Each structure stands twice: as structure tokens, then as C-alpha cells.
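A short write-up of the structure that comes next.
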Amino acid sequence: MLRNLIADAPFGGIILEWIEFAALAIEILAVVIIVVAIFYATARYAYQVVLDREHKDRYYSQLKVSLGKALLLGLEILVAADIVRTVALEATLQSVMVLGILVLIRTFLSWALVVEIEGRWPWQPARGAESTDYKLD
């Protein structure tokens with residue numbers, strides 16, 4: 001197990017502490033991104049609606065897209081933190097299974113957000129996108 005290899009190495013305890021700190025920092029970054037994006041998008045929406053009530057529906061759609069993108073980014077960063085923590089610190093069968101379940105749940109949430117934002121499944125081509133044929137010369 002990686003944790004035992006690191007712990008047995010010189011300064012192993014310090015390395016494990018830094019890995020734990022890195023995972024925590026990544027989680028905090030994800031939360032900060034989500035919270036800041038929520039406040040920014042909501043403030044921007046409120047400002048736009050006050051200035052132009054006629055296009056309130058368009059601004060609401062922009063708000064949903066902004067919030068969805070922030071949540072997607074936050075979820076991806078949280079998955080990265082979980083991977084760092086599980087692989088480096090807690091590589092037991094139970095922790096790997098919990099990580100797998102978390103990744104599945106977060107993947108489903110990401111897909112649901114993409115459907116909400118773009119109106120299509122992630123594997124479907126974007127609307128209006130031309131098919132690209134790559135040719136080797």
C-alpha cells in the first residue's frame with residue numbers, strides 16, 4: 001500500500017501530512033469556486049434584471065448556465081481531491097469502493113447538469129455543430 005511505503009520512507013510522516021493538506025486544499029478550492037460563482041452569478045442576474053426587466057427570462061437562462069458550469073467545475077475538483085486522498089492515504093478496498101460510488105454519483109450529477117445547461121447528453125454532438133472529418137494528408 002502506498003501509505004505504508006510513504007510512511008516507512010524518511011520524512012514519511014511529513015509527506016503524508018502534506019498529501020492530506022493537499023487533498024483538503026483541493027476540497028476547499030472546490031467549495032470556494034462554487035460559493036463565489038453562486039454569489040457572482042446571482043449578483044449579476046439581479047443587476048441585469050434591475051436594469052432590463054424586459055429580458056428577464058434570458059438573464060435567468062444565463063444564471064442557470066453560470067451556476068451549472070460552476071457546479072460542474074466544483075464537482076470535478078472534488079473528484080480530484082477524493083482520488084488524491086484515496087490513492088495516497090486510504091488505499092483500502094472499502095475506501096476504493098466508496099471512491100467509486102462517489103465518482104459514479106458525481107458523474108451522474110455532471111451529466112444531469114450538462115443536460116440542463118446544453119439540452120443534450122454529453123456524448124451527443126452539440127447543436128449546430130458540424131461533423132468533423134479528420135483527414136490525414
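The values are calculated or read from the model by the stated rules, or taken from the named source; none is laboratory data. Because the structure is a prediction, the values reported are computed rather than measured. As a convention, Cβ positions derive from the backbone with ideal geometry for all residues, glycine included, and neighbour counts pool all protein chains shown.
Among the residues of the range 1-17 satisfying the criterion of being loosely packed, with under 13 Cβ neighbours inside 10 Å and part of a helix (DSSP H, G or I), which is modelled with the highest pLDDT?
Glu17
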Open item on the list: Condition first: of a type in the set (D, E, K, R) and in a helix (DSSP H, G or I). Now tell me which residues in the range 71-113 satisfy that.
Closed with: Glu76, Asp82, Arg85, Arg106
Open item on the list: One residue is enough: does the range 42-60 have a residue meeting the conditions surrounded by fewer than 18 Cβ atoms within 10 Å (Cβ to Cβ) and within 18 Å of the chain's Cα centre (by Cα)?
Closed with: no
- [ ] Identify the single condition in (1) of a type in the set (Lys, Arg); (2) crowded, with 17+ Cβ neighbours inside 10 Å; (3) modelled with pLDDT of 90 or more that Arg85 does not satisfy, given that it satisfies every other one.
- [x] (3)
Task: the range 116-127: number of residues that are free of Cβ contacts under 8 Å to residues at least 40 places away in the same chain and closer than 19 Å to Leu73 by Cα - done: 6
- [ ] Pairs only if they're at least six apart or on different chains, beta carbon under 6 angstrom, first in the range 87-115 and of a type in the set (A, V, I, L, M, F, W, C), second not in a helix (DSSP H, G or I); list them, first residue then second.
- [x] Ala91/Met1; Trp111/Pro122; Val114/Pro122
